[in-house]
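Before any comments, here is the structure.
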Amino acid sequence: MVEKPDAGGSSVFLWGPPGTGKTTLAHVVSQATSRRFVELSAVNAGVKDVREALDDARRELGMSGRQTVLFIDEVHRFSKTQQDALLPAVENRLVTLIAATTENPFFSVISPLLSRSLLLTLQPLSDDDIREVVDRALADERGLRGEYTLDDDAARQLIRMAGGDARRALTYLEAAAEGAGSDHTITIDVLATAVDRAAVRYDRDGDQHYDVASAFIKSIRGSDVDAGLHYLARMIEAGEDPRFIARRLVILASEDIGLADPTALTTAVAAHQAVAFIGFPEASLTLAQAVIALATAPKSNAVTTAISAAIADVRQGLVGSVPSHLRDSHYPGAVKLKHGTGYLYPHDEAAGVVAQRYAPDSVAHREYYQPTHRGAERVTADRLARIRAALRGEELPAE
């Protein structure tokens, strides 16, 4: 009896970093269910390839009743049109789709396709997992067949360099074996020669880009200078645009430091200007200096909360009329309208502040800026209390 198209299992998205077994899982599902296995890579497959695979699956189902597991690697590289081509087959369960991605599917996969599939998140392999993979590769007939020895120091370094990626660990192991001497012993020196530099798991155009950038900013906000430098190093080694890094620092200087350290913005802007005409590798020094300065600076988000509160009031319609004495009086007819009449010039007063209404009536009593008592903002807070009292015509607090 021919199996109906809707008898297939649920489609699955496997989301996780490289080397965590996404492709292996797809093969396991195919073998466990005795289904036909078809693999496409989104790197080089187009809409035509997808449709041909679906047509073949339809013919196979009609002729033998055998269903197809369609595995698509790097599915996030498919365009919206290519993903749309998969939707009817997934919806009708013509195929069991297993799609692998290293990027957040909520950003890279169309929602109709994602909503019709299960999402499994794979975590990086632990050091113990990587060690087990390496030990198997050393002993297995499909690997090094027990002909090579990996010393303990080299093993620890290999695991560290793999970064939870089994594929990378095996690649490095194979390269080291090729460079081993006649005694077939892989030492840390042999490994270092074979693998010149550990690849950084960071995709400038992918999910890691946003995760590392987020951790970078949050570390500096949290005053952890060492973590900030770590994430900076990861971005530098991955070839991140130094201007992107500098822009984030400029934003942070106002958002998270503000007037607690008035020099923070100056430092960040100077770093941004410097990297624009220096570039890597020298720009790494400029960025590191800025990261250290901003991470160790006192923190305040008072500027952020102040402008956010002011914008919220404006959006709620609390705009009001500009007080008449503040209106422009430098045009014909302004005097007749009494614009500017009664304006008090602050510089005529010894204190430089006069009792005078500046805000519209609708927000006359709002105090948006609430400085902290951290860093230089402590002095600002004391001065601001005196200024607000003077504007209200109250007796100034003692110095």
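The values are calculated or read from the model by the stated rules, or taken from the named source; none is laboratory data. In this text the structure is predicted, and so the values were computed from the model without any measurement. So basically every Cβ, Gly included, is an ideal-geometry build from the backbone, and we count neighbours across all protein chains shown.
Rundown of residues vs (1) within 26 Å of Q31 (Cα to Cα); (2) among the polar types (S, T, N, Q); (3) more than 26 Å from the chain's Cα centre (by Cα); (4) in the same structural domain as S11 (by TED's automatic domain parsing), yes/no style:
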position: R93; (1), (2), (3), (4): yes, no, yes, yes
position: F106; (1), (2), (3), (4): no, no, no, yes
position: P112; (1), (2), (3), (4): no, no, no, yes
position: S117; (1), (2), (3), (4): yes, yes, no, yes
position: E132; (1), (2), (3), (4): yes, no, yes, no
position: D140; (1), (2), (3), (4): yes, no, yes, no
position: L150; (1), (2), (3), (4): no, no, yes, no
position: I159; (1), (2), (3), (4): no, no, no, no
position: G163; (1), (2), (3), (4): no, no, no, no
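Quick one: V275 ticks every box in (1) β-branched (V, I, T); (2) assigned to a helix (DSSP H, G or I); (3) over 24 Å from L232 (Cα atoms) except a single one, so which number is it?
Only one criterion is unmet by V275, namely (3).
Specify which of the listed residues (L87, L14) is within 21 Å of N104 (Cα to Cα), modelled with pLDDT of 85 or more and in a helix (DSSP H, G or I). Walk me through how you get there before you give the answer.
Working: L14 fails: in a helix (DSSP H, G or I).
Residue meeting the stated conditions: L87.
Could you list, in sequence order, all residues of the stretch 105-148 that are touching a residue at least 60 places away in the same chain (Cβ under 8 Å), under 30 Å from N92 (Cα atoms) and out of contact with any strand residue (DSSP E or B) (no Cβ under 9 Å at 6 or more places or on another chain)?
F107
Which condition from (1) over 30 Å from G163 (Cα atoms); (2) of a type outside the set (D, E, K, R); (3) without any contact (Cβ under 8 Å) to a residue 12 or more places away in the chain is the one that N44 breaks?
It is condition (1) that N44 fails.
Restricting attention to the stretch 278-291, does a residue exist that is part of a helix (DSSP H, G or I), of a type in the set (F, W, Y) and outside the structural domain of R366 (by TED's automatic domain parsing)?
Restricting attention to the stretch 278-291, the residues satisfying the condition of being part of a helix (DSSP H, G or I) are 278, 283-291.
From what is left, the residues that are of a type in the set (F, W, Y) are none.
No, there is no match, as no residue in the stretch 278-291 is part of a helix (DSSP H, G or I), of a type in the set (F, W, Y) and outside the structural domain of R366 (by TED's automatic domain parsing).
Conditions first: (1) of a type in the set (A, V, I, L, M, F, W, C); (2) closer than 25 Å to G21 by Cα; (3) part of a helix (DSSP H, G or I). V43 passes all but one, so which condition is the exception?
(3)
Out of the residues in the stretch 259-292 that are of a type in the set (G, A, S) and closer than 17 Å to E377 by Cα, which is nearest to the chain's Cα centre (by Cα)?
Keep residues of the stretch 259-292 that are of a type in the set (G, A, S), which gives 260, 264, 268, 270-271, 274, 276, 279, 283-284, 288, 290.
Subsequent filtering for residues that are closer than 17 Å to E377 by Cα retains 260, 264.
Numbers: A260: 27, A264: 23 Å.
Only one residue fits best here, namely A264.
From the set of residues in the stretch 276-299 that are of a type in the set (A, V, I, L, M, F, W, C) and modelled with pLDDT under 90, which is surrounded by the most Cβ atoms within 10 Å (Cβ to Cβ)?
It comes out as A283.
Checking the condition under 32 Å from the mean Cα position of the chain (by Cα) and modelled with pLDDT of 90 or more, which residue from L25, L97 passes? Let's see the steps before the verdict.
Details: L25 fails: modelled with pLDDT of 90 or more.
Testing whether each residue is under 32 Å from the mean Cα position of the chain (by Cα) and modelled with pLDDT of 90 or more leaves just L97.
Restricting attention to the stretch 300-326, which residues are at pLDDT below 80, among the aliphatic types (A, V, I, L, M) and in a helix (DSSP H, G or I)?
Passing the criteria: only L326.
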